[in-house]
Amino acid sequence: MIEARSLTKRYGETTAVDGLSFTVRPGTVTGFLGPNGAGKSTTMRMILGLDRPTSGSVTVNGRPYADHPAPLHEVGALLEARAVHTGRTAYNHLLSLAATTGIPRRRVDEVVDLVGLRAVARKRAGGFSLGMGQRLGIASALLGDPRTVILDEPVNGLDPEGILWVRTLLKNLAAEGRTVFVSSHLMSEMALTAEHLIVIGRGRLIADTSVREFVGRASAGRVKVRSSEAVRLAQLLAAQDVTVVNDEDGTLHVTGLTSDRIGQIASDNAVTLFELAPQQASLEEAFMELTADAVEYRAPGGDGRPAGAEEVAA
């Protein structure tokens with residue numbers, strides 16, 4: 001279990017993490033999300049004792065990371081896959097970690113097989129691809145058979161087979177009762193992997209909830225409508241507190257009206273409907289909506305809407 005209480009980190013006049021409190025519980029894959037510059041990396045570094053909090057505290061399994069007598073057996077972490085001696089082989093890199101922490105050689109062989117590096121275990125890590133480096137980093141994190149696993153962007157550089165492997169691995173670790181805390185910018189993958197989310201922006205907590213509740217909040221009041229008279233229907237639906245987005249294919253996305261009310265308006269005006277259904281937002285859409293005010297770096301003109309979509313103003 002990871003417990004952060006009023007965790008704060010300042011660098012001069014800049015506040016990277018601001019009064020952050022959350023709990024990451026065992027038995028669940030917890031996703032850690034936030035825009036660039038939100039404070040995710042700083043938070044992870046404080047969890048691992050690499051940065052000292054300005055104020056507040058964070059513990060792993062009841063203790064600060066540095067207070068654990070055998071930290072690799074408590075916490076396995078991957079923050080930077082390239083943090084290896086490039087002249088060592090993958091096997092020797094793991095063996096050196098094991099030798100300095102009392103981990104038997106047989107465990108090195110186990111994790112080499114677990115991450116699929118047996119064929120290249122005797123090759124120098126400096127020649128590894130990004131994906132192979134990720135696998136070696138995950139092997140290092142799992143070397144001590146830890147109760148808590150912290151991974152930052154673990155699928156970065158992996159092919160589809162590798163991404164599926166990481167997804168299955170994380171779910172299996174959580175099913176074994178371990179605490180799994182993972183950061184990623186790949187929303188589609190996080191939607192398939194995580195059960196719970198901690199979302200931060202500008203160093204502050206935005207959401208601490210299940211994936212289902214997070215997406216459901218963004219989906220509330222959204223309706224998908226298809227009609228042969230999409231432009232006319234959009235004009236009929238447009239009103240105060242109602243937003244209608246018209247895709248290039250004529251599909252309307254309506255916020256602020258129920259399906260029943262849209263159907264009644266269409267019927268009253270003899271508009272034929274081909275489809276009328278509540279719309280489920282994707283995790284990416286929910287994330288963009290909830291963190292819109294917390295984005296520090298935004299592309300010019302970026303509003304999060306699909307290309308070619310136009311909004312019908314009230």
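Where a number appears in this text, it was derived from the coordinates with a stated rule and is not lab data. Just so you know, these numbers come straight off a predicted model, no measurement behind them. Ideal geometry is used to build each Cβ from the backbone, glycine not excepted, and the neighbour counts take in all protein chains shown.
Using the Kirkwood formula over every pair of different C-alpha atoms, what hydrodynamic radius in Å results for the range 52-154?
14.2
Between E80 and S259, what FRET efficiency comes out of the Förster formula 1/(1 + (r/R0)^6) with R0 = 51 Å and r the beta carbon distance, rounded to 0.05?
0.60
Remind me, relative contact order of the chain in percent, using alpha carbon pairs under 8 angstrom and six or more residues apart?
20
GluC sites (Glu not before Pro), restricted to the range 164-225: which are DSSP loop and have at most 12 other Cβ atoms within 10 Å?
E176
Using mean Cβ contacts within 10 Å as the protection proxy, how do 242-251, 80-89 order, highest first?
Per-residue mean Cβ counts within 10 Å order the peptides as 242-251, 80-89.
Among G76, G12, Y91, whose Cα sits farthest toward the positive end of the charge dipole of the range 2-210 (+1 at Cβ of Lys/Arg, -1 at Cβ of Asp/Glu, about the Cα centre)?
Result: Y91, furthest along the dipole toward the positive end.
Would you kindly give the portion of the calculated P(r) for the range 75-217 that falls above 18 Å, as a percent of all Cα pairs?
In whole percent, the long-distance tail amounts to 57.
What net charge do the residues around R82 carry, taking every other residue with its C-beta under 14 Å from that of R82, with Lys and Arg at +1 and Asp and Glu at -1?
Once positives and negatives cancel, what remains is 0.
When you have a sec, figure out the Kirkwood radius of the chain from all distinct Cα pair distances and drop it here in Å to one decimal?
21.9
How big is the convex hull of the Cα atoms of the range 166-222, per residue, in Å³?
So the per-residue Cα hull volume is 102 Å³.
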